[in-house]
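Below is one structure; the comments refer to it alone.
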Amino acid sequence: MSLLVVGLSHRSAPVSVLERATLNADEQVKLLQDTVAAEPATEAAVLATCNRIELYADVDKFHAGVAELSTLLAQHSGVGLEELTPYLYVHYEDRAVHHLFSVACGLDSMVVGEGQILGQIKDSLARAQDLHSAGRLLNDLFQQALRVGKRAHSETGIDRAGQSLVTFGLEQLARGGDVQQWVRGKKALVIGAGSMSSLAAATLARAGVAEIVVANRTLDRAERLARILSEGDDTDVAARAVPMESVPAELTRADVTVSCTGATGLVLTAESVAGAIEGRTPAPSAVPGEDGPGAPGGESGSATGAGAQRGGASGTSLGSEDGCPLDLSAVQGTAGFSVLGEAAVAGMAAADLEQHAAWVDNGTAGGDRRAAGGTARPGQTGTLDPAADTDAIAALAATVATVGRIPERRRPEPVEEPQRPEPVLFLLDLAMPRDIDAAVHRLAGVRLVDIESLAEASAGAPMAADVDQVRRIVSDEVAAFGAALRAAHITPTVVALRTMAADVVAGEIARLDGRLPGLDDKHRAEITQTVRRVVDKLLHAPTVRVKQLAAEPGGAGYADALRTLFDLDPETVAAVSRAEDSTTEKDRGPA
């Protein structure tokens, strides 16, 4: 086995890179065709989901295979090889088998335990079979992966460790609340009619939405999905289909929108969403501080007030203080103003900063005298440490002379954000690349959950205890698959050995006929049977044992030993392998 997988997923690459690397159906077909046409690969399969793109191949050289598969992924994704390489992962032989089995069980999914990946693996195998790019290795591998995934879901509670991406996304929209209670009575718009969109529509219908509108570029598919939803025995939902051109109008009526299309550009822009919610949200509340006591010039929280409190009088008197170089009238309205802050001293020449340092030093000394019972002049800042702040401003002067600007030394006063209104439109974007403009996050009255936010939300999700059991299943299945594969690798050699032994027996019986022409058929048959039994007994123990040894790690060398010891013709062994592959291909059922 020389199985190699090169790919990237949500675990290795940011969403922005995954979006650009996404391959549509036609691009996947071309990638498969180019892979099997490349020299290092004899078989190929592509596993493409909303958060991963992986290329599996049977290669004869590891390093050449990695280089070729990486280059092909870069070429077909349109992402430059140098940019893509840091995000690629590579698995070889048993590690590649372990990776695919883990993926099939949902252990590598964004939401651990989700079962939709099994359908995607099945589609990947069917595509490779249709293109005849999957040979014996990848057919056996992907079919076994499907069996392992089904076993994990049937024998463990891995389903409890996570849900489908749709369910998890709806939970995020509901902020962790009960989805059924949250969606009950809402109107839903589902954009797209593919497998993910269909799953979303079915999930919403079972949860109890009042209405589902399905929009798709091919109206027939949307109508078929709407009919299935309306006629379902386990749901009572009104469903109808509309063309994509009706999405803007339907968006104005929808409470929940799920989008998962194969579009290469945005389906919903921030402008279209903003237009859809216009009039549905209350006017945004004023930012605290713009009017009344919290505003600049008010009684509290203003730059002027802060400056007056620091100086012991008004901000203007601070600016008029002898020796102070600050033009306070120009900066007092700045949020977070302080005599040491960037807002106060930005743009000052180095000489002015030194003068300011001296003024602060004098003012602070006066402040200290005031604390001791003396009299402080207006503008003095008696709470500062003279040495520390004189040195700090001298350092600021050196900095401005070098880099031309002043770093902020004081954290600005916190500005209270306006309270956002409750969302009136909930958006779930499950597409890769994304269907909905990420700028929608900033719209008041809208809550958007997309692949990127789902990845962040699921990163800290607790793992169920059943995950450990699934991992043990994967390890056992990987060992069994490897043993079976290694044992199968030696089978053609064993068959060639037995074929050679049968030819030797036939040759010796022919010689016997020449030496004993009067031998009757009964005795000839008895002699022939006896010789064959002797040969079979001599070969039985070594062939059984060599199959057992070949199933162990490193057992592939036993096939080479047999060919060398018995001087077997390599072409004969290869012919047996081709015959077995041909028979397996004819007997192989659908994925």
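Does residue 438 qualify as being touching a Ser or Thr at 6+ places or on another chain (Cβ under 7 Å), at pLDDT 85 or above, open to solvent by 30 Å² or more (accessible area, probe 1.4 Å) and farther than 25 Å from residue 142 by Cβ?
So residue 438 fails the test.
Condition (residue is within 21 Å of residue 481 (Cα to Cα), among the charged types (D, E, K, R) and surrounded by fewer than 22 Cβ atoms within 10 Å (Cβ to Cβ)) applied to region 75-93: is it met by at least one residue?
So the first thing to find is which residues in region 75-93 are within 21 Å of residue 481 (Cα to Cα), and the list is 90-93.
Now drop any that are not among the charged types (D, E, K, R), which leaves 93.
Those left that are additionally surrounded by fewer than 22 Cβ atoms within 10 Å (Cβ to Cβ): 93.
Scanning region 75-93 turns up at least one residue that is within 21 Å of residue 481 (Cα to Cα), among the charged types (D, E, K, R) and surrounded by fewer than 22 Cβ atoms within 10 Å (Cβ to Cβ).
Across region 13-41, what is the total count of residues that are of a type in the set (Ser, Thr, Tyr) and modelled with pLDDT of 90 or more? Before you say what the answer is, go through the steps one by one.
We begin by selecting, within region 13-41, every residue of a type in the set (Ser, Thr, Tyr); these are 16, 22, 35.
Applying the additional criterion that residues be modelled with pLDDT of 90 or more yields 35.
Selection size over region 13-41: 1.
Would you please name the residue that is surrounded by the most Cβ atoms within 10 Å (Cβ to Cβ), looking only at residues in region 207-235 that are assigned to a helix (DSSP H, G or I) and of a type in the set (Gly, Ala, Ser)?
Kept after step one, since they are assigned to a helix (DSSP H, G or I), are these residues of region 207-235: 207, 219-231.
From what's left, of a type in the set (Gly, Ala, Ser): 207, 222, 226, 230.
On the way: 207: 22, 222: 26, 226: 23, 230: 15.
That would be 222.
Going residue by residue through region 489-507, is there one that turns out to be more than 30 Å from residue 185 (Cα to Cα), among the small types (Gly, Ala, Ser) and either surrounded by 14 or more Cβ atoms within 10 Å (Cβ to Cβ) or at pLDDT below 85 (or both)? Let's see the steps before the verdict.
Taking region 489-507 as the starting set, the residues that turn out to be more than 30 Å from residue 185 (Cα to Cα) are 489-507.
If we keep only those that are among the small types (Gly, Ala, Ser) too, we end up with 496, 501-502, 506-507.
Restricting the remaining residues to those that are either surrounded by 14 or more Cβ atoms within 10 Å (Cβ to Cβ) or at pLDDT below 85 (or both) gives 496, 501.
Yes; the residues of region 489-507 include at least one that is more than 30 Å from residue 185 (Cα to Cα), among the small types (Gly, Ala, Ser) and either surrounded by 14 or more Cβ atoms within 10 Å (Cβ to Cβ) or at pLDDT below 85 (or both).
I'm trying to understand the selection: among the residues of region 68-93, which are within 13 Å of residue 18 (Cα to Cα) and among the aliphatic types (A, V, I, L, M)?
73, 74, 79, 84, 88 - these are the residues of region 68-93 that are within 13 Å of residue 18 (Cα to Cα) and among the aliphatic types (A, V, I, L, M).
Take residue 514 and tell me if it is of a type outside the set (A, V, I, L, M, F, W, C), without any contact (Cβ under 8 Å) to a residue 40 or more places away in the chain, farther than 30 Å from residue 562 by Cα and assigned to a helix (DSSP H, G or I). Before you say what the answer is, go through the steps one by one.
Numbers: of a type outside the set (A, V, I, L, M, F, W, C): yes; without any contact (Cβ under 8 Å) to a residue 40 or more places away in the chain: yes; farther than 30 Å from residue 562 by Cα: yes; assigned to a helix (DSSP H, G or I): yes.
Taking the combined requirement at face value, the residue satisfies it.
Report, by residue number, each residue of region 514-534 that is surrounded by 14 or more Cβ atoms within 10 Å (Cβ to Cβ) and among the charged types (D, E, K, R).
524, 532
With the condition kept exactly as written, say whether any residue in region 236-254 is part of a loop (DSSP other than H, G, I, E, B), at pLDDT below 95 and within 26 Å of residue 117 (Cα to Cα).
no
Inside region 49-150, counting only helices (runs of 4 or more DSSP H) that do not spill past its ends, which hold 2 or more residues that are closer than 29 Å to residue 492 by Cα?
Numbers: elements: 62-77, 81-84, 94-104, 116-130.
Those helices (runs of 4 or more DSSP H) span 62-77, 94-104, 116-130.
Within region 162-206, take every residue that is touching a Phe, Trp or Tyr at 6+ places or on another chain (Cβ under 9 Å) and in a loop (DSSP other than H, G, I, E, B) and give me the one that is nearest to residue 50 (Cα to Cα).
It comes out as 162.
Please indicate, with yes or no, whether at least one residue in region 182-197 is open to solvent by 20 Å² or more (accessible area, probe 1.4 Å), farther than 16 Å from residue 431 by Cβ and under 28 Å from the mean Cα position of the chain (by Cα). Spell out the reasoning first.
Let us first name the residues in region 182-197 that are open to solvent by 20 Å² or more (accessible area, probe 1.4 Å), namely 182, 184-187, 194-195.
If we keep only those that are farther than 16 Å from residue 431 by Cβ too, we end up with 182, 184-187.
Narrowing further to those that are under 28 Å from the mean Cα position of the chain (by Cα): 182.
Scanning region 182-197 turns up at least one residue that is open to solvent by 20 Å² or more (accessible area, probe 1.4 Å), farther than 16 Å from residue 431 by Cβ and under 28 Å from the mean Cα position of the chain (by Cα).
What about residue 118, is it at negative phi, modelled with pLDDT of 95 or more and surrounded by fewer than 22 Cβ atoms within 10 Å (Cβ to Cβ)?
no
The values are calculated or read from the model by the stated rules, or taken from the named source; none is laboratory data. Owing to the predicted nature of the structure, the values given are computational and were not obtained by experimental measurement. Reconstructed Cβ throughout: ideal geometry from the backbone, glycine too, with neighbour counts over all protein chains shown. Note: accessible area is taken over every heavy atom of the protein model, side chains too, but ligands, DNA and RNA are not part of it. Shrake-Rupley method; radii C 1.70, N 1.55, O 1.52, S 1.80 Å.
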